[in-house]
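Everything below concerns the one structure shown next.
What follows draws every value from the coordinates through simple rules; no lab data is involved. Because the structure is predicted, anything quoted here is derived from the model rather than measured. Cβ placement follows ideal geometry from the backbone for every residue including glycine, while neighbour counts extend to all protein chains displayed.
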Amino acid sequence: MAANLTQSNFDVMNTKGFFNYNGKIYSNDVTVISPDNRSFRYGDGFFETMKVMNGQLLLKELHVERITASLQKLSFEESSFFHSDDFIEEILSLTDNDKCNRLARVRVNFFRGNGGLYDAESMKINYIIQAWAANDAVNRFNENGLVMDVYTEARKACDAFSHLKNNNYLSYVMAALWAKENKLNDAVLLNNYNRIADSTIANIFIVKDGTIKTPALTEGCIAGVMRNYLLRCMRKEGLPIEETQIDVDDLTEASELFVTNVMQGIRWIKQMGNTNYNKQLSLYLFQKYVEPLYE
């Protein structure tokens, strides 16, 4: 079977490392949030996954753009800090602290703090930055291809918040557990119209009848940074690309499937259910648009 897509397989866990909580560095064995935390109680917040290579944050501008939009959408207290060089420096300083600035996965969790559903103590932004050293495999194209299938026990909402990486990730959690139990590399989630949304940790693209298609943000998929980057690149090149509705039947009729996220770039799908696919376009896109990011 192909190497598993799940993010943890590409992390070198550092249990003796550190994290950043609201600008201060703590050891990983320190607890900083209470049982009254609204993110813990209600999923009140969102997170951002980033990739650091050789002390640089990849696609920095697109990450800052998404963080800013998410903070505004979720009615957090306004702050210019999160699109400043100081915030980026905190991220890079943590990877230095944990000795993983050569290649690291960074997760920043944003949340509102303590309080009940109607009485948040503050609208102020709290944040936790974590970093893990990553395996070099994240920088290579997956020659073996992924084996995936469609998860049908949950549905993603299609609303004003479904494109955010919000802290209520239950549908993705259950789909990931199902994929692991069934010895799959990943699982595709459906929206409440029984159309394709995305996978547990990636956006999905298909190639059908000579056109590249990916679910529109109105279909409930996450507004991925790598998705955004590749859409801009493909449109600039003039490739036939559509953000649209994708039915389950479209998967079996497609000639190619691939998934994208910021840590792994592009991963081609070898098999979805009983259907097999090629990797011609995904390899081309990886070599033209993703590999140059790593140079």
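Across the chain, C-alpha contacts under 8 Å between residues 6 or more apart give a mean separation that, scaled by the residue count, equals a relative contact order of 19 percent.
Look at where the Cα atoms of the stretch 91-140 and of the stretch 32-59 average out, and the two centres are 4 Å apart. For a Förster distance of 25 Å, can you work out the FRET efficiency between the beta-carbons of Y26 and K73, rounded to the nearest 0.05? Once rounded, the FRET efficiency stands at 0.30. For a label point 7 Å from the Cα of D209 along Cα→C-beta, name the residues of the stretch 220-242 whose backbone N is under 17 Å from it. 240-242, by backbone N distance to the label point. Pairs with C-alpha atoms separated by more than 32 Å, drawn from the list K180/K213; K24/K288; K180/K236; K124/K288, are K24/K288; K180/K236; K124/K288. The value obtained for the stretch 146-294, namely the Cα convex hull volume divided by the number of residues, is 103 Å³ per residue.
Residue ranges 52-65, 175-188 sort as 175-188, 52-65 when ordered by packing (mean number of other C-beta atoms within 10 Å per residue, highest first).
Applying the Karplus relation 6.51 cos²θ - 1.76 cosθ + 1.60 with θ = phi - 60° to the stretch 266-272 yields 3J(HN,Hα) values of 10, 10, 7, 9, 7, 8, 10 Hz, where x marks Gly and Pro. Note on the stretch 9-134: the alpha carbon radius of gyration divided by the globular reference 2.2 N^0.38 Å gives 1.05.
Sorting the segments 20-26, 163-169 by their residues' average number of neighbouring beta-carbon atoms within 10 angstrom, most packed first, yields 163-169, 20-26. Label-to-label distance, K60 versus N194, with points set 7 angstrom from Cα along the beta-carbon direction: 4.8 nm. Pairs of C-alpha atoms in the stretch 127-211 farther apart than 15 Å represent 67 percent of all such pairs. Per the Debye formula on identical point scatterers at the alpha carbon atoms of the stretch 87-141, with no solvent, log10 I(q)/I(0) at q = 0.19, 0.21, 0.25 Å⁻¹ is -0.71, -0.78, -0.93.
When each of the peptides 241-254, 101-114 is scored by how many other beta carbons lie within 10 Å of its residues on average, the order from highest to lowest is 101-114, 241-254. Note on A216 and Y118: the model spin-label points, each 7 Å out from Cα along the C-beta direction, lie 3.7 nm apart.
For Y169 and E253 in the same chain, what is the full-extension length gain: residue separation times 0.36 nm, less their Cα-Cα distance, in nm?
Details: separation 84, 0.36 × 84 = 30.24 nm, distance 2.97 nm.
Here the answer is 27.3 nm.
Evaluated at q = 0.08 Å⁻¹, a Debye calculation over the C-alpha positions of the chain (equal weights, vacuum) places log10 I(q)/I(0) at -0.34. Based on the alpha-carbon gyration tensor of the stretch 142-192 and its eigenvalue square roots a ≥ b ≥ c, which shape applies: rounded if a/c is under 1.5, prolate if not and a/b is larger than b/c, or oblate? Cα axes put the stretch 142-192 in the prolate bin.
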